[in-house]
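The block underneath contains the structure these notes are about, expressed in C-alpha cells.
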Ligand code: PMP
Ligand code: GLU
C-alpha cells in the first residue's frame, strides 16, 4: 500500500543545502574525509560567555516552557539591538523569538499567504524561500539578476514583476548565495517602487547583517525608507553572527497583526523556542560583540584567497563578494567544454564523489551553471579544496 500525503506538499523538496550536508556526513561515516564547503555555518566555536549563560540556565533550572513568543529579557535585548544597530524602534508586541530565523521566515509566510498569492524572490536566492512559499500555498515568482548586474535586481525589474497577486517581496542582503550587499541608494530605488504598491509586505532577511568584512555599511529597507517600516517584517537571528547554528534561535520584528499570527502558529506547533538557548541568545545579543570582528577578519582572508584561486581556473568566472561567507563561481565556460558532466548539479555530485569536496549546485539557488561555495571552513581546508579543484578542472 502506498500512503498518500497532502497535495500541498507535492512540490516541496528537501533543502538542498541540508541534503548535501547529510550526503557528506554519510560519506564521512564510511571513513571518507570530505572537505566541506557546502553548508553555511561558521566553523568557529560559540563564544565561551554564551555557553556559560546556557550552563547557568540549566544549573538554575531554567528548563521549562517559556512564553510562546520568547522570554521578556531576550525580547528587550532584541529591542535594544534594533535601536543600537538599525536605529529602529519597536515595542515588545512587535517582536517574536523563534526556533531559528528559518522558523520565523516560514511562519511569517504562513501568516501572510492565501492560496495563489505571489511571493517575489530576487534570484539568486536562498534555497528555502520558494519551498516556504509553497508550504504556505503561495506561488514563488523569481526576478533574475545575473553576474553582469552583480546579482542585484533593479527597481525597473521589481516594478515589472509586480502583479495584482503579489503579496510578499523578499530581500536578503548580505545575500546567500551571492555575498552581495544592496547599498542604501539601491534600496531607496526599490523603496520608491514598493511605495506605489501599498499591499505588498516586505520580508527583509537580515541574518548576515554583521558578517560584512568589506567595510560597506549595512542597510535594510525600513532604515533607508522609514515609511516602509509599517509593512516590513525583519528576520534575524544568532546562528551566523555568534556561531550558534545548532542553538536554533532567530527572531522577527514587524506589524503586530503579523507577529500575533506567528505567535499563534508557534504556540500551536512548537510551544516556544528552547528555554536554555534563549538565555544563551540573550548573552550573545547583549554581551560583548568582539567575536564578530575576529570572524570577519578571517572571512575576508578566506574570501580573498578563494576569489583569486577560482578566477585563475579555466572556464570559471568568479566576481568578488562583499559579505556573508559564500561565493558563487560560474562554471558555464567549463561545462560547455565538458559535456560529459552536463550541468551544475552533476558537477556538484562529481566533486563530492571524485575529489571529496562538498559544495552545493547553483540551480536550487536560481543560479544554473554555478556552484555555491561556503568559506565557513578553515583556510587549510580551502587551500586543499582549491588544489583538488584545480587538478579536477584542468584534467
Ligand atoms: N536566511 C538565510 C539567507 C540563511 O542563509 C539562513 C541559513 N540557515 C537562514 C535564513 C536561517 O538561519 P537559522 O534558521 O539558522 O537562524
Ligand atoms: N543557510 C545555510 C546554508 O545555506 C544553512 C543550511 C540551511 O538552513 O539551508 O547553507
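The values are calculated or read from the model by the stated rules, or taken from the named source; none is laboratory data. The model shown is predicted, which means the values in this text are computed figures rather than measured ones. Counting neighbours? That spans all protein chains shown, and the Cβs are built from the backbone with ideal geometry, glycine included.
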| Is one or more of the residues making up the range 40-48 more than 15 Å from ligand 1 (Cβ to nearest atom) and part of a helix (DSSP H, G or I)? | yes
| Can you tell me which residue in the range 14-39 is farthest from residue 385 (Cα to Cα), limited to those that are part of a loop (DSSP other than H, G, I, E, B) and within 16 Å of ligand 1 (Cβ to nearest atom)? | 14
| Enumeration of residues in the range 336-360 that are surrounded by fewer than 20 Cβ atoms within 10 Å (Cβ to Cβ) and either assigned to a helix (DSSP H, G or I) or in contact (Cβ under 8 Å) with a residue 40 or more places away in the chain (or both) | 336, 337, 345, 346, 349, 350, 353, 354, 355, 356
| query | Quick one: in the range 24-39, which of the residues that are in contact with a strand residue (DSSP E or B) (Cβ under 7 Å, 6 or more places away or on another chain) and modelled with pLDDT of 90 or more is farthest from residue 379 (Cα to Cα)? | reply | 24
| message | assigned to a loop (DSSP other than H, G, I, E, B), more than 19 Å from residue 259 (Cα to Cα), more than 16 Å from ligand 1 (Cβ to nearest atom) and modelled with pLDDT of 90 or more: is that true of residue 85 in this structure? | response | no
| query | Would you say residue 65 is in contact (Cβ under 8 Å) with a residue 60 or more places away in the chain, exposed (fewer than 12 other Cβ atoms within 10 Å of the Cβ) and outside any strand (DSSP E or B)? | reply | yes
| request: Scan the range 239-281 for residues that are in a helix (DSSP H, G or I), closer than 20 Å to residue 91 by Cβ and within 15 Å of ligand 1 (Cβ to nearest atom) and jot them down. | output: 262, 266, 278, 281
